[in-house]
């Protein structure tokens with residue numbers, strides 16, 4: 001059945017049962033930005049979920065796919081994904097799969113495109129920043145959307161508006177235009193910084209630094225597709241160590257991307 005606000009308590013209990021850190025408010029943000037389905041028994045208990053997020057009408061992100069472990073062997077995950085694929089109407093789809101789920105998604109025709117590295121931990125002392133970052137203003141939003149679209153190759157304005165509502169945002173401005181931005185919101189065990197969009201690693205590090213400066217001693221998470229280099233090293237020296245990785249996978253051909261780069265994801269579910 002359709003995922004609705006009345007399911008949030010049950011969805012939170014479902015994700016907690018498999019060790020996912022999502023709060024009820026994290027589920028609520030996802031539901032505001034996307035659509036989903038739930039598998040419910042006769043007594044109203046939720047045993048499975050799946051969500052999809054329509055991006056620019058041409059691409060969909062799929063996430064929050066959970067099948068209770070007792071029901072995996074009964075094919076619940078397959079039925080959930082079959083429903084989602086039908087709802088996305090053969091649009092190109094991307095998702096981030098836990099390693100043990102990769103064979104399942106491959107069986108559906110998904111191709112692996114690379115890893116996503118999850119960094120998290122307690123933030124250490126951060127030196128005072130001299131970065132060019134500044135807090136974003138509402139007038140910056142169109143340029144933030146454009147900057148994000150250049151990096152992803154698709155308009156994610158609906159998602160970004162929901163993230164804007166629950167996040168703090170900083171930008172880097174060059175020659176009077178927004179050329180990079182990052183968002184920070186409460187998530188899971190503490191805070192999540194993402195998306196992080198920038199032209200180069202130095203800018204991405206400055207954006208993260210702007211948020212870490214007032215979070216020493218706090219739990220922070222960043223998810224990135226960057227495989228190595230100064231950005232990943234900076235996360236580690238700040239106390240955000242790699243704890244796991246997932247696999248980015250696609251069904252269909254995704255659009256090409258522009259000059260900006262995605263240094264941090266908004267979440268595993270939304271990319």
Residues 59, 123 arranged by fewest to most Cβ contacts within 10 Å | 123, 59
Give me the angle, in degrees from 0 to 90, between the Cα long axis of helix 8-17 and the longest principal axis of the Cα atoms of the chain, rounded to the nearest 10.
-> 90 degrees
Given 10 Å bins starting at zero, what is the percent of C-alpha pairs of the stretch 154-271 in each, up to the one with the largest pair distance?
-> 12, 47, 34, 7, 0
Taking neighbour counts of Cβ atoms within 10 Å as a proxy for exposure, in what order, fewest first, do 211, 117 appear?
-> 117, 211
Let me know the shape class of the stretch 5-113, please: from the alpha-carbon gyration tensor, a ≥ b ≥ c as square roots of the eigenvalues, rounded when a/c is under 1.5, otherwise prolate if a/b is greater than b/c, or oblate.
-> oblate
Relative contact order (%) - criterion: Cα under 8 Å, at least six apart; region: the chain | 25 percent
Rounded tilt (10° steps) of 141-152 against the dominant C-alpha axis of the chain = 70 degrees
Pick from 49, 167, 101: which residue has the top mean-square fluctuation in a GNM of the chain where Cα pairs under 10 Å get a spring?
-> 101
When you take every Cα atom in the chain, what is the radius of gyration, and what is Dmax, the widest Cα pair distance, in Å?
-> 18.3, 60
Of all DSSP beta bridges located in the stretch 119-264, what percent are antiparallel, nearest 5?
-> 90 percent
Order of 214, 203 - criterion: other Cβ atoms within 10 Å of each residue's Cβ, fewest first | 214, 203
For the stretch 119-264: relative contact order, % (alpha-carbon pairs under 8 angstrom, 6 or more apart) = 37 percent
Relative contact order of the stretch 40-125: what whole-number percent is it, with Cα pairs under 8 angstrom and at least 6 residues apart?
-> 24 percent
Roughly what angle does helix 201-212 make with the longest principal axis of the chain, taking Cα atoms, 0 to 90 degrees, to the nearest 10?
-> 80 degrees
Of the DSSP beta bridges with both residues in the chain, give the percent that are antiparallel, rounding to the nearest 5.
-> 90 percent
Choose one answer from 134, 175, 156: the residue with the largest mean-square fluctuation in a GNM of the chain with alpha-carbon springs under 10 Å.
-> 175
Antiparallel DSSP beta bridges within the stretch 1-106, percent to nearest 5 | 80 percent
Sum -39500 (n - 2.57) across every DSSP H segment of at least 4 residues in the chain, then divide by the residue count to get the 222 nm mean residue ellipticity, nearest 500.
-> -8500 deg cm²/dmol
When the chain is treated as a GNM, springs tying every alpha-carbon pair under 10 Å, which of 95, 108, 163 comes out with the largest mean-square fluctuation?
-> 108
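Every read-out reported here was derived from the displayed coordinates using simple, explicitly stated rules and does not represent laboratory data. Quick caveat, the model's predicted, so the values are computed rather than measured. Cβ atoms come from the backbone with ideal geometry, glycine included; neighbour counts cover every protein chain shown.
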